[in-house]
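Scroll down for the structure; my scribbles are underneath it.
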Amino acid sequence: MKYEATLALKDCSFELAAGNFLAVFGENGSGKSTLLKSIAGLIKPSSGTLNFNGIKKSEIGYMAQQTLVQKDFPASVYEAVLSGTLCKHKYFYFYTTNDKKIADKNLELLGMEKLKHKSFQELSVGQRQRVLLARMLCAEAKLLLLDEPTSGLDAVATKQLNSTLKDINLQGVTIIMISHDISGTIDFCDKVLQLGNRHFFGSREEYNVGIA
Amino acid sequence: MLELLEELFSYSFVVRAIIVGVCVSLCASLLGLPLVLRRYSMIGDGLSHVGFGTLAIAVPLGLSPLKISIPLVMLAAFLLLRIRESSKIRGDAAIAIISCSSLAIGVIIISLTVGMNVDICNYMFGSILAIKQEEVYLCVVISAIVFALFAFFYNKIFFVVFDESYAKASGTNIEFYNMLLALLTAVIIVIGMRIMGAMLISSLIIFPALTSMQLLKTFKSVVICSCILSVICFLLGVVISFVYNIPTGASIVAVNLFSFLTFYFISFVTGK
């Protein structure tokens with residue numbers, strides 16, 4: 001896979017089953033984000049194939065590391081979450097009553113119902129991540145691609161977010177998550193991909209044996 | 001005040017200008033919000049200069065400026081977005097190049113042909129005298145189409161502008177929406193250019209959205225507020241331009257600037 005004319009990542013190959021939780025570790029510049037963006041279809045890999053086995057494009061949820069653009073964006077929590085349901089609309093872009101119900105349900109699921117009418121820009125980093133997650137749940141995402149969702153969060157918020165992610169995962173959603181925090185992530189993922197000079201891919205147990 | 005308005009509306013050119021102006025202000029403020037949020041504000045400015053260049057071609061040839069300018073400016077909008085996507089020339093640089101070049105070409109053509117006359121001056125800085133009856137119909141129809149398209153794609157536009165990478169990952173055709181916004185902006189700029197002037201039309205796109213964003217924090221409220229604000233500023237601007245006999249475009253921009261400063265000040269004081 002090419003990224004700005006140099007190979008960011010090569011010879012990386014792995015397979016996941018539905019409902020897997022893959023943690024991606026690796027040093028800065030080892031190609032973690034590149035990998036995730038390629039899976040999301042944001043950049044084209046220079047070679048190689050991706051096979052989604054029946055997951056539709058609209059069922060892929062991608063969450064970038066927080067970007068600047070969103071900081072002064074006028075949007076209420078509800079507007080942001082509700083917009084996720086649009087992924088399921090093909091030619092008609094108005095919200096149905098059912099969409100609104102789904103949005104309310106997911107807000108509640110992530111404990112954000114009290115902040116429904118708050119502005120997105122007034123939220124803390126952790127709350128924003130929850131809103132974005134709720135939005136992807138509204139799209140009925142089957143595969144979540146998360147680029148360091150816990151960066152910038154304090155220890156408590158990190159823990160909360162991780163356990164929320166685990167809950168979502170247990171409902172059958174496949175998650176691929178980049179993380180810097182190996183010790184915090186290793187307990188609830190079931191597969192590990194370590195990028196480096198030599199890539200490692202295997203189950204959590206194999207990884208633990210490897211570093212022990 | 002009432003007498004003034006009565007006098008104002010007794011002129012048919014004023015009525016025409018107000019009909020066109022209200023339509024254009026509405027559409028411009030709608031399109032402005034996504035453009036401002038995507039950091040595309042300068043596209044409006046670039047396209048309006050292209051609009052001036054195309055006028056310079058249309059006027060000496062004695063052709064209807066609208067019919068020449070609309071397709072050409074749309075083409076420029078299309079090219080601008082294409083250039084943005086290829087990373088060889090940076091987006092802001094591309095806009096600057098296209099904007100200056102078309103201005104320069106326009107000025108050259110004008111000075112070689114008709115020369116800097118009142119007509120050209122009106123195109124640059126706006127005039128309420130400029131609108132012809134047939135143009136009113138065209139403007140109303142086009143504005144209605146722009147408005148309808150925006151309304152239809154409203155939720156989707158929010159979705160795309162709010163988080164482009166997610167929208168793209170989940171299968172939305174981002175290029176389509178970028179192109180739609182750019183093309184609609186091109187059309188509105190050409191129509192609005194007659195009243196606002198080529199140099200000032202982009203303010204109609206940027207100001208209302210930016211002003212509303214100072215105080216309001218949800219997408220819907222900003223959209224509604226910028227529509228209302230845009231129309232009010234336009235009407236006030238026309239009245240002021242009529243009373244003090246100053247170019248309409250400049251007077252509308254001044255009112256918009258005043259409203260922006262007011263909103264900015266209020267948000268500063270209330271600490272929002």
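When only C-alpha pairs under 8 Å and at least 6 residues apart count, what is the relative contact order of chain B, in percent?
Working: 369 pairs, mean separation 87.5, N = 272.
Relative contact order comes out at 32 percent.
Among B:231, B:129, B:80, whose Cα projects farthest towards the positive end of the dipole of chain B, with charges put on the beta-carbon of Lys, Arg (+1) and Asp, Glu (-1)?
Towards the positive end, the residue furthest out is B:80.
Report P(r) for the stretch B:142-199: all Cα-Cα distances, bin width 10 Å, range 0 to the bin holding the largest distance, values in whole percent.
22, 43, 25, 9, 0
Can you tell me how the protein assembly as shown classifies by the Cα gyration tensor, rounded, prolate or oblate, using a/c under 1.5 as the rounded cut?
Values: a/c = 2.80, a/b = 1.98, b/c = 1.41.
Verdict is prolate for the protein assembly as shown.
What translational D, rounded to a whole number of µm²/s, comes out for the stretch B:2-264 from Stokes-Einstein when the hydrodynamic radius is the Kirkwood one over Cα pairs, at 25 °C and 0.890 mPa s? Show your work: numbers first, answer last.
Numbers: Rh = 18.6 Å.
The diffusion coefficient I find is 132 µm²/s.
Can you give me the C-alpha center-to-center distance between the stretch A:103-180 and the stretch B:15-65, rounded to a whole angstrom?
41
Please get the size of the charge dipole for the stretch B:1-121, origin at its Cα centre, with Cβ charges of +1 on Lys and Arg and -1 on Asp and Glu, quoted in debye to the nearest 20.
Values: 8 positive and 7 negative charges, 153 e Å.
Dipole about the Cα centre, nearest 20: 740 debye.
Would you kindly calculate the mean projected area, averaged across all directions, of the convex hull enclosing the Cα atoms of the stretch A:71-139, in square nanometres?
Working: hull surface 17.3 nm².
Reported value for the Cα convex hull: 4.3 nm².
What aspartates and glutamates could a cross-link reach from residue A:57, if we take a straight Cα to Cα line under 13 Å and drop same-chain neighbours fewer than 8 places away?
A:140
Can you return the aspartates and glutamates within cross-link range of residue A:44? Criterion is Cα-Cα under 12 Å, with same-chain partners fewer than 8 residues away left out.
A:4
Which of the listed residues, B:69, B:104, B:152, is farthest toward the dipole's positive end in the stretch B:2-264, when Lys, Arg count +1 and Asp, Glu count -1 at the beta-carbon?
B:152
For chain A, what does -39500 (n - 2.57) per DSSP helix run (n ≥ 4), summed and divided by total residues, give at 222 nm, in deg cm²/dmol to the nearest 500? Mind showing how you got there, number by number?
Details: 7 runs with 71 residues, N = 212.
Mean residue ellipticity, 222 nm, calculated: -10000 deg cm²/dmol.
At 0.36 nm per residue, and after removing the present C-alpha to C-alpha distance, how many nm does the segment from residue B:90 to residue B:8 gain when stretched out fully? Spell out each step's value before the answer.
Details: separation 82, 0.36 × 82 = 29.52 nm, distance 4.66 nm.
Separation in residues times 0.36 nm, less the Cα-Cα distance, equals 24.9 nm.
Could you list B:193, B:179 in order of exposure, starting from the residue whose Cβ has the fewest other Cβ atoms within 10 Å?
On the way: B:193 30, B:179 16.
Sorted ascending by nearby Cβ count, the order is B:179, B:193.
Output needed for the stretch A:102-210: three equivalent-ellipsoid semi-axes, defined as square roots of 5 times the C-alpha gyration tensor eigenvalues, in descending order, whole Å. Write out the running numbers ahead of the final one.
Details: eigenvalues 155, 46, 25 Å².
Computed over the stretch A:102-210, the values are 28, 15, 11 Å.
Sequence neighbours fewer than 8 away in the same chain don't count; with that in mind, list the aspartates and glutamates whose C-alpha is under 12 Å from residue A:118.
In chain and number order, the partners are A:79.
Which trypsin sites (Lys or Arg not before Pro) in the stretch A:84-141 sit in a loop by DSSP (not H, G, I, E or B) and have at most 10 other Cβ atoms within 10 Å of their own Cβ?
Values: sites: A:88, A:90, A:100, A:101, A:105, A:114, A:116, A:118, A:128, A:130, A:135; in loops: A:90, A:116, A:118.
The qualifying sites are A:90.
Using +1 on the beta carbon of Lys and Arg, -1 on that of Asp and Glu, and nothing else charged, what's the dipole of the protein assembly as shown about the Cα centre, debye to 20? Please report the intermediate quantities before stating the final value.
Values: 40 positive and 34 negative charges, 113 e Å.
In total the dipole reaches around 540 debye.
Only bridges with both residues in the protein assembly as shown count here: give the DSSP antiparallel percent, nearest 5.
Working: 7 of 25 bridges.
Rounded to the nearest five, the antiparallel share is 30 percent.
Could you run the Karplus curve 6.51 cos²θ - 1.76 cosθ + 1.60 with θ = phi - 60° over the stretch B:77-85 and give me ³J(HN,Hα) per residue in whole Hz, x for Gly and Pro?
In residue order, the calculated couplings are 4, 4, 5, 4, 5, 4, 5, 4, 6 Hz.
Hey, got the average number of other protein chain Cβ atoms within 10 angstrom for residues in B:215-224? Mind dumping the intermediate values first?
On the way: counts 1, 2, 11, 11, 9, 5, 4, 3, 1, 0.
If you average over the peptide's residues, the count of other-chain Cβ atoms is 5.
What average number of partner chain Cβ atoms lie no more than 10 Å from the Cβ of the residues making up A:71-82?
For this peptide, the per-residue mean of nearby foreign Cβ atoms is 5.
Dipole of the stretch A:61-212, Cα-centred, from +1 at each Lys and Arg C-beta and -1 at each Asp and Glu C-beta, to the nearest 20 debye? Don't jump to the answer; show the numbers that get you there.
Values: 18 positive and 17 negative charges, 85 e Å.
Roughly 400 debye, rounded to the nearest 20.
Counting DSSP beta bridges with both partners in chain A, what percentage is antiparallel, nearest 5? Before the final figure, lay out each step's value.
Values: 7 of 25 bridges.
Percent antiparallel among DSSP bridges in chain A is about 30.
Could you pull the Rg and Dmax for the stretch A:21-70, using just the Cα atoms, both in Å?
Reported Rg and Dmax, both Å: 12.4, 34.
Could you tell me whether chain A comes out rounded, prolate or oblate from its Cα gyration tensor? Rule is a ≥ b ≥ c as square roots of the eigenvalues, rounded for a/c under 1.5, then prolate if a/b exceeds b/c, otherwise oblate. Don't skip to the end; give the middle numbers.
Working: a/c = 1.74, a/b = 1.50, b/c = 1.16.
Prolate, since a/c reaches 1.5 and a/b exceeds b/c.
When a footprinting reagent is the concern and you count Cβ atoms within 10 Å, what order do B:59, B:222, B:161 take, fewest first? Show your work: numbers first, answer last.
Values: B:59 20, B:222 26, B:161 23.
Ranking B:59, B:222, B:161 by Cβ neighbours within 10 Å, fewest first, gives B:59, B:161, B:222.
Rank the residues A:117, B:49, A:199, A:180 as a footprinting-exposure proxy: fewest other Cβ atoms within 10 Å of their Cβ go first.
On the way: A:117 11, B:49 27, A:199 17, A:180 14.
Final ranking by Cβ density, sparse to dense: A:117, A:180, A:199, B:49.
Specify which residue in the list A:92, A:120, A:107 is farthest towards the positive end of the charge dipole of the stretch A:71-139, using unit charges on the beta carbon of Lys, Arg (+1) and Asp, Glu (-1), about the Cα centre.
A:92
All of the numbers you see were taken from the coordinates with simple rules; none came from a lab. Source: prediction; values computed, not measured. Every residue, glycine among them, receives a Cβ derived from its backbone with ideal geometry; neighbour counts consider all protein chains shown.
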